[in-house]
1. What's the total number of residues in region 120-132 that are without any contact (Cβ under 8 Å) to a residue 60 or more places away in the chain and within 11 Å of residue 63 (Cβ to Cβ)?
2. Is it true that residue 194 is touching a helix residue (DSSP H, G or I) at 6+ places or on another chain (Cβ under 9 Å), touching a residue at least 24 places away in the same chain (Cβ under 8 Å) and either crowded, with 24+ Cβ neighbours inside 10 Å or not in a loop (DSSP other than H, G, I, E, B) (or both)?
3. When region 146-178 is examined, which residues are found to be within 25 Å of residue 84 (Cα to Cα) and in a helix (DSSP H, G or I)?
4. Could you tell me whether region 306-319 includes any residue that is modelled with pLDDT of 70 or more, surrounded by fewer than 20 Cβ atoms within 10 Å (Cβ to Cβ) and more than 26 Å from residue 117 (Cβ to Cβ)?
5. Show me the strands (runs of 3 or more DSSP E) found entirely inside region 198-286 where at least 3 residues are outside the structural domain of residue 121 (by TED's automatic domain parsing), buried (at least 22 other Cβ atoms within 10 Å of the Cβ) and at pLDDT 80 or above.
6. For residue 184, state whether it is more than 10 Å from residue 137 (Cα to Cα), surrounded by 14 or more Cβ atoms within 10 Å (Cβ to Cβ), touching a helix residue (DSSP H, G or I) at 6+ places or on another chain (Cβ under 7 Å) and at pLDDT 95 or above.
7. Quick check on my filter: what residues within region 146-168 are touching a strand residue (DSSP E or B) at 6+ places or on another chain (Cβ under 7 Å) and farther than 23 Å from residue 94 by Cα?
8. Just to be sure, is residue 172 touching a helix residue (DSSP H, G or I) at 6+ places or on another chain (Cβ under 9 Å), modelled with pLDDT under 90, within 23 Å of residue 285 (Cβ to Cβ) and not assigned by TED's automatic domain parsing to the domain that holds residue 142?
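The values are calculated or read from the model by the stated rules, or taken from the named source; none is laboratory data. Quick caveat, the model's predicted, so the values are computed rather than measured. Here Cβ is always computed from backbone atoms with ideal geometry, including for glycine, and neighbour counts include all displayed protein chains.
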């Protein structure tokens, strides 16, 4: 099962390996052979003979990974001035999914994909990293800002060891290595790289090479998510740490430049509540969604980027202000940060087992209780 949302379109992979897409489709990003808006999930029939295991969305493209390790892409290929994220070696758009020949011809078996706004990362079964697409802000990790029309293999494994997890944000990237080290690179306008301010004279606006993110002693990262202006990581302990959400204009406050632990509690307000662990996390535009071990979906983020699925009347207030003082203020200060808050679901919805959050929406896969049970 896989879910992905970015911009205004979505992709979902069912448990039996079929890919469905829906949403905005003006640049063929849904891969259905036409460019009309898709109002409800439609099967991508050109891939129905393959067992699809993952799909990821960019701003105007979609990529799918098959059980055999093949990578299929569709959507915007680029223009004379812009490089697309298809990795096919040219700038042609694709109305239906096509395989990336680079991996197929070289016998490279991909096991995970990650997509930024207009670039992509891929991880093979040997722990090697590949990148392609728009290289602005150094998001490809090639020590430059050059665009790449087809995948290029990085030297990260020889430098940092085998890579076990990858993630892309708007124009920044993240990897986790086998020895449980976390590295980030790319754009840093919102402090999304998690760098220690004490290590720099002013936070850098971008980094072209992977830089180690310091987590608290004993915390070993296993799953990360780079979003748009923020990032988060789950550790072996089940603790979640996040950083970013520094808005330069029109907001000028810094929330967290370095990893900060979001403490999670079980549902309810009684004294019997206890700490809860995280099992999945995804970052969108100034907001973070998380699934707990008990299957609850939580969200939080910058108040100016109203997290999806939470009524404004239910917003927790700032950690530094009480509700009464905020109510008396005209408007809501964007420096107020939401604490982790449970997302409302329908009465029939049970455990949440998958979710994804983008710039304008979030999607989740939940258990639906049968009538009478």
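1. Going through region 120-132 one residue at a time, the tally reaches 3.
2. no
3. 156
4. no
5. 221-226, 230-235, 240-244, 278-283
6. Judged against the criteria, residue 184 is not a match.
7. Selection gives 153, 154, 156, 157, 160, 161, 162, 163, 164, 165, 166, 167.
8. Spelling it out, it is not the case that residue 172 is touching a helix residue (DSSP H, G or I) at 6+ places or on another chain (Cβ under 9 Å), modelled with pLDDT under 90, within 23 Å of residue 285 (Cβ to Cβ) and not assigned by TED's automatic domain parsing to the domain that holds residue 142.
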